[in-house]
Amino acid sequence: MSQFNTLKNKIFSLDKLKMKVESWKTTGEKIVFTNGCFDIIHQGHIEVLARTADLGTKLIIGLNS
């Protein structure tokens, strides 16, 4: 599978995300969320995402426009 397809499979509409979250909750996943504007990604972004990911088993990232 190409990297693009791997990434594409991790982007959800709000409705599909709601269904995913409910599914994850039923299996005991710990879901964490962060958001931001990642137009020019830098070391600070990477650190925040890595630290946030460490707090749970599933990370949801909201992208601000």
Revision key, fill the gap. Going through (1) in a strand (DSSP E or B); (2) over 13 Å from the mean Cα position of the chain (by Cα); (3) not polar (S, T, N, Q) one by one, V32 fails only at (2)
**Study point:** Residue count, segment 1-29 (criterion: part of a helix (DSSP H, G or I) and open to solvent by less than 70 Å² (accessible area, probe 1.4 Å))
**Key:** 6
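The values are calculated or read from the model by the stated rules, or taken from the named source; none is laboratory data. From a predicted model like this one, the values you see are computed outputs, not experimental measurements. Note: accessible area is taken over every heavy atom of the protein model, side chains too, but ligands, DNA and RNA are not part of it. Shrake-Rupley method; radii C 1.70, N 1.55, O 1.52, S 1.80 Å.
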